[in-house]
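Accompanying notes for the structure given below.
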Amino acid sequence: MSLTPKFLTLTAMSGGAGAGPRGPYMSFITDRNTNLLIRGGLLFSVGVFLALVLNLLQVQRNVTLFPPDVISSIFSSAWWVPPCCGTASAVIGLLYPCIDSRVGEPHRFKREWSSVMRCVAVFVGINHASAKVDFANNVQLSLTLAALSIGLWWTFDRSRRGFALGVAIALLATLTTQLLVYNEFFQYTSPDFLYIRSWLPCIFFAGVITMGNIGRQLALVRGGSEHLLMRSE
């Protein structure tokens, strides 16, 4: 007598049936809510960690300044910055594979953990360049970071929906940052575009692509297939 499972794992195969394992997968957790919760928690942790590391680079360069009364960590960051970045990372990392499943086109380009780790390394490198490399002017810096960010998308994503989501979320994040600076939650030294640095959207775009890649990889099943957990009837 066969039992109907409570949840079914639907896969959209992107490789052959004999494809070997390429890293840890979350697909063995077939409960949809539990799966989302664990993936969201992992993405949140990655976002918090990257926020602390990247903010340390900016503070060392004296790019970001927080008022003394909100300095509450060894990284000279306001306490609310890492949780906000972690939450945004979780949302973005869950949104990308969700969009892929909605349009019915699983993302197949460079779906392995080694590629994701290289993407993270390039993203950190772009942030390091923005904080450490001296440019003649802000226009040159912005154009350079824009080229590097688009290069990151071309190297590790290459999907139109990934690019569109990256641009949309980067613009939204830039607007949010502008509102925070305007209300004096923190400030940027030498702002050159409406209270903020003009290259900030490029950093946000690169971050969105990076977290999207991590989220897509966490949503893979063994063998390189994107999965969707659905209730059986």
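Here, each number is a calculation from the coordinates, and none is a lab measurement. Here the structure is a predicted model, which is why all the values come from computation and not from measurement. Heads up, the Cβs are rebuilt from the backbone with ideal geometry, glycines too, and the neighbour counts pull from every protein chain shown.
Paramagnetic label reach from Lys110 (point 7 Å along Cα→Cβ; backbone nitrogen cut-off under 12 Å): within segment 155-171, residues 155-159.
For segment 78-191, calculate the relative contact order in percent as a whole number, restricting contacts to Cα pairs under 8 Å that are 6 or more residues apart. Show your work: numbers first, answer last.
Numbers: 26 pairs, mean separation 27.4, N = 114.
It rounds to 24 percent for segment 78-191.
Count the net charge of all other residues whose Cβ sits under 10 Å from the Cβ of Ser159, scoring Lys and Arg as +1 and Asp and Glu as -1.
Working: positive: Arg108, Arg158, Arg160, Arg161, Arg216; negative: Asp100, Glu105, Asp157.
Result for the local shell: +2.
Each label point was placed 7 Å from the Cα along the Cα-to-Cβ direction; for Asn183 and Arg161 their separation is 3.3 nm.
Between Leu95 and Lys132, full extension at 0.36 nm per residue minus the direct alpha carbon distance yields a gain of 10.1 nm.
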